[in-house]
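**Q** I have a structure I would like to understand better, so I am pasting it below and will then ask my questions one at a time.
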Amino acid sequence: MSCVLIDDEPLALDVLASYCAQLPFLAVQAQFHDAAAALAFLRTHPVDVVFLDIQMPGLNGLHLAQLLPTPAPRIIFTTAYDQYAVRSYELNATDYLLKPVGFERFVQAVSKVYSGAERTEPALPALPVEPPPEAILVRHDGQLRRVAFSEIQYIEGRKEYLLLHTTQGRLLTLQSFRRAEEVLPPARFVRIHRSYLIALAHVEYLERGRVRVAGQLLPIGDTYREVLLERLRGYQQL
C-alpha cells in the first residue's frame, strides 16, 4: 500500500516516516514540506493514502484535499488542532489524528484504509509490538519540539496556555490541561491542583498542603490530595 507524507514540520514528518517503516505493507513514495509540490506529484503519481497536515503556509491541507486528482487517495489528516475535525470528515477523510500521534493510534488509522480497500493483497499482517512512546511533541515558538517524559518536571496552567518546566528549560504552548492529561502516561504523572500537573519521578518531598518538585513548592488542591497520596503509596516507606 503506497502513501505520501505532507507536513511543513520536519520533526512531524520524521515521526510519520518512522511509523511507516515499521509496517511492512506500507510504502512511502514521497515526503513533502510544501503542499503545492505535493499536489504536483500526486497528479502524476497515484497513491493509496495521503497523510496530510492541515495548517501549512500557502496551500493548507483542507484546500489540498479538495484539489486531489480523481480517483482521490484516502486521506488521513494529522494536526495539532482539533477544531478541523468536522470539516475533515465532510471531505470524507478516513481519519483525523491529533499530534503528537502515538504509534497505536497511527496503526488504527492505517488499518481503516487497508481493510476498506478492495485489493487482492494478503490480509493485514501481524503488526509489530512496539513499546509506548517515551516523548511528546510540544509546539513552542513556531517549532514542534520533542520532549522526553523523563525531562518533564511539572506543568503549570496559565489560562489557555501550558508552561512546561523541564530539565532543559521552560516551554510555553497553547494547549489545555485536558489534552496534557490525555497524552501523558498516568503511571508517571498526576494532577495535584487545578493549575499544576507533576511528574512523580521529580517529587522531592511533601509537607502540609504542598509538594516540592524540582526545587519548587507547589500547592496541593483539596480535591487532588487523595489521588496524589494514593499514587505515592506505591513507594516503600522507611
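**Q** Suppose the filter is touching a helix residue (DSSP H, G or I) at 6+ places or on another chain (Cβ under 9 Å), among the charged types (D, E, K, R) and either free of Cβ contacts under 8 Å to residues at least 60 places away in the same chain or assigned by TED's automatic domain parsing to the domain that holds residue 198 (or both); does residue 139 pass it?
**A** Details: touching a helix residue (DSSP H, G or I) at 6+ places or on another chain (Cβ under 9 Å): no; among the charged types (D, E, K, R): yes; either free of Cβ contacts under 8 Å to residues at least 60 places away in the same chain or assigned by TED's automatic domain parsing to the domain that holds residue 198 (or both): yes.
Criteria not met by residue 139.
**Q** Where in region 23-116 are there strands (runs of 3 or more DSSP E), lying fully within it, with 1 or more residues that are loosely packed, with under 15 Cβ neighbours inside 10 Å? Talk me through it step by step, then tell me what you get.
**A** Details: elements: 27-32, 49-53, 74-79, 95-98.
Fully inside region 23-116 and qualifying: 27-32.
**Q** Moving on. Consider only pairs whose beta carbons are under 7 Å apart and that are at least six residues apart or on different chains; among these, list those whose first residue lies in region 192-218 and is surrounded by 15 or more Cβ atoms within 10 Å (Cβ to Cβ) and whose second residue is assigned to a loop (DSSP other than H, G, I, E, B) and not hydrophobic (A, V, I, L, M, F, W, C).
**A** Listed pairs, sorted by first residue: 192/221; 192/224; 193/221; 193/224; 199/188; 200/188.
**Q** Which residues, taken from region 1-22, are closer than 19 Å to residue 108 by Cβ, outside any helix (DSSP H, G or I) and among the β-branched types (Val, Ile, Thr)?
**A** Hits for region 1-22: nothing passes.
**Q** Condition check: assigned by TED's automatic domain parsing to the domain that holds residue 111 and within 24 Å of residue 142 (Cβ to Cβ). Does residue 57 satisfy that?
**A** Considered against the rule, which asks whether it is assigned by TED's automatic domain parsing to the domain that holds residue 111 and within 24 Å of residue 142 (Cβ to Cβ), residue 57 comes out as yes.
**Q** Hey, another quick one. Within the group 14, 8, which residue is within 17 Å of residue 101 (Cα to Cα), in contact with a helix residue (DSSP H, G or I) (Cβ under 9 Å, 6 or more places away or on another chain) and in the same structural domain as residue 98 (by TED's automatic domain parsing)? Reasoning before the result, please.
**A** Details: 14 fails: in contact with a helix residue (DSSP H, G or I) (Cβ under 9 Å, 6 or more places away or on another chain).
Unique residue meeting the criteria: 8.
**Q** Looking only at region 80-105, count how many residues are under 17 Å from the mean Cα position of the chain (by Cα), of a type in the set (Ser, Thr, Tyr) and either at pLDDT 90 or above or over 29 Å from residue 161 (Cβ atoms) (or both). Before the answer, list the steps.
**A** First, pick out the residues of region 80-105 that are under 17 Å from the mean Cα position of the chain (by Cα): 80-85, 95-105.
Filter again for of a type in the set (Ser, Thr, Tyr), leaving 81, 84, 96.
Applying the additional criterion that residues be either at pLDDT 90 or above or over 29 Å from residue 161 (Cβ atoms) (or both) yields 96.
Number satisfying all stated conditions: 1.
**Q** Going by the conditions given, is residue 186 exposed (fewer than 15 other Cβ atoms within 10 Å of the Cβ), within 19 Å of the chain's Cα centre (by Cα) and within 30 Å of residue 23 (Cβ to Cβ)? Write out each step before concluding.
**A** Values: exposed (fewer than 15 other Cβ atoms within 10 Å of the Cβ): yes; within 19 Å of the chain's Cα centre (by Cα): yes; within 30 Å of residue 23 (Cβ to Cβ): yes.
So residue 186 fits the description; yes.
The values are calculated or read from the model by the stated rules, or taken from the named source; none is laboratory data. These figures come from a predicted structure and were not determined experimentally. Cβ atoms come from the backbone with ideal geometry, glycine included; neighbour counts cover every protein chain shown.
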